[in-house]
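Just below is one structure, and these are the notes that go with it.
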Amino acid sequence: MNRVSVLPEPSARDDPAVAVARTGDFPRLRYMGSKYRIVPHLADVFAEIGGRTSLDAFSGSGVVAYLMKAMGYQVTTNDFLAFPAVISRATVVNHGTLLTPADVELIGGPTADGRDFIQRTFDGLYFTPDDRRFLDSAWSHIDRLEPVKRDLAISALVLAAARKQPRGVFTVTDLRYDDGRRDLRLPLREHFGETAAAYNHMVFDNGLPHRAVVGDVFDLPAEGIDLVYLDPPYAPPRDDNCYIKRYHFLEGLSVYWRGQTIMENTRTKKLVKKYTPFSYKRTVTEALRRLFKKFKDSTIVLSYSSNAVPDAAVIRDLLAEVKRDVEVRTVDHVYSFGTHTSARRRFASEYIFIGR
């Protein structure tokens, strides 16, 4: 658990398969819109584009930012939620710090101060009493760690909580989706030991400084970025894609609910929703236009799904307003929705727009 890996030669920039293989071990957070499946396609695109500096403007699960690091970029990540930034700090910004076996044992041991915020606030929700007690106790030790170890420990705690929750989301509070999987039976303390090892395994140094930002994409500086990767929230034709509704517990857990407002009248104890213009049909088109204009001096790569609005033709036209050369590549895949035992399958296309 104490070994830091070094990017192998030849460099992943020359051979994208090297970076794809490294990224294949990246811990899988069941996250809406995550790009694990198209990593090989993105690696090919990034290799063609080249450059030294990159921005993952909607970092989410962190897998694409990690791919960029593995390909030799100097990476900046951004997200409007806190827990994606924690994951980026642990896996992209972090070059050499690991959680030791002693750290993991301490975090999984008896509480340091007897705190019980999670036990009181989420009494009867999501996890067993022992699991909720462990989360409070773990944070009593995490609060005392140095910053980079904190990021690793919080990332592991978030992943453990997501794995223990059916479907990885926090929109229901009962066990209606319990299908007997090991992840749903394993105590969170044991999950944490496994996820800590998984994040430790990803730590390596590519020789360049990186940074992770929490904020509005429109507040980011646009100068000096060779490659900008965009994977904004999709505006669906029906339903919604509210990340706070689905992942509010993970967001709160990543900061121990400090600075967060819990909606006490909701059964799930969710957090107040954060607005983004990309989530609504009436505002997404103009938001994309503004986004492309902001990063017009960089090569832009955009991921977008065929089951979102606007459609591919509109996005291509928007990108063509600021880029002379616009290419669209299509990646077909199958995804499932519903419960693990009664999931239905849909076909969708993932578009990769490249504006040079």
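The values are calculated or read from the model by the stated rules, or taken from the named source; none is laboratory data. Small disclaimer: the values here were computed from a predicted structure and weren't measured. When we count neighbours, we look across all protein chains shown, and the Cβ atoms used for this are built from the backbone with ideal geometry, even at glycine. Side chains included, ligands, DNA and RNA excluded: accessible areas come from the protein's heavy atoms. Shrake-Rupley method; radii C 1.70, N 1.55, O 1.52, S 1.80 Å.
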**Message:** If GLY224 satisfies all but one of (1) closer than 27 Å to LEU152 by Cα; (2) in a loop (DSSP other than H, G, I, E, B), what's the number of the condition it fails?
**Reply:** (1)
**Complete:** Listed by first then second residue, the pairs whose first member lies in the range 302-313 and is touching a residue at least 24 places away in the same chain (Cβ under 8 Å) and more than 15 Å from GLY33 (Cβ to Cβ), whose partner is open to solvent by 40 Å² or more (accessible area, probe 1.4 Å) and among the aromatic types (Phe, Trp, Tyr), with beta carbons under 6 Å and at least 6 positions apart or on separate chains, are ALA312/TYR351
**Prompt:** In the range 249-268, which residues are in contact (Cβ under 8 Å) with a residue 40 or more places away in the chain, in a loop (DSSP other than H, G, I, E, B), more than 24 Å from ALA235 (Cα to Cα) and under 22 Å from the mean Cα position of the chain (by Cα)?
**Reply:** TYR256, TRP257
**Request:** Return the total of residues in the range 64-88 being of a type outside the set (Gly, Ala, Ser), closer than 17 Å to VAL255 by Cβ, over 9 Å from the mean Cα position of the chain (by Cα) and part of a helix (DSSP H, G or I).
**Result:** 1
**Message:** Could you tell me how many of the residues in the range 277-309 are modelled with pLDDT under 95, open to solvent by 50 Å² or more (accessible area, probe 1.4 Å) and over 27 Å from ASP44 (Cα atoms)?
**Reply:** 3
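Against the definition (open to solvent by 10 Å² or more (accessible area, probe 1.4 Å), more than 19 Å from TYR31 (Cα to Cα) and more than 17 Å from the chain's Cα centre (by Cα)), how does VAL93 come out, yes or no? Lay out the reasoning, then the answer.
Numbers: open to solvent by 10 Å² or more (accessible area, probe 1.4 Å): yes; more than 19 Å from TYR31 (Cα to Cα): yes; more than 17 Å from the chain's Cα centre (by Cα): no.
When the stated conditions are applied, VAL93 does not pass them.
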**Request:** Could you tell me whether THR77 is touching a residue at least 40 places away in the same chain (Cβ under 8 Å), closer than 26 Å to ARG246 by Cβ and buried (at least 16 other Cβ atoms within 10 Å of the Cβ)?
**Result:** yes
**Prompt:** Looking at (1) in contact with a strand residue (DSSP E or B) (Cβ under 7 Å, 6 or more places away or on another chain); (2) open to solvent by less than 30 Å² (accessible area, probe 1.4 Å); (3) at pLDDT 95 or above, can you tell me which one SER254 breaks?
**Reply:** (1)
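Being of a type outside the set (Lys, Arg) and open to solvent by less than 40 Å² (accessible area, probe 1.4 Å) is the filter here; which residues of the range 28-42 pass it?
Within the range 28-42, LEU29, TYR31, GLY33, SER34, TYR36, ILE38, VAL39, LEU42 qualify.
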**Request:** Give me a count of the residues in the range 99-147 that are touching a helix residue (DSSP H, G or I) at 6+ places or on another chain (Cβ under 7 Å), among the small types (Gly, Ala, Ser) and either closer than 25 Å to PHE204 by Cβ or open to solvent by 20 Å² or more (accessible area, probe 1.4 Å) (or both).
**Result:** 1
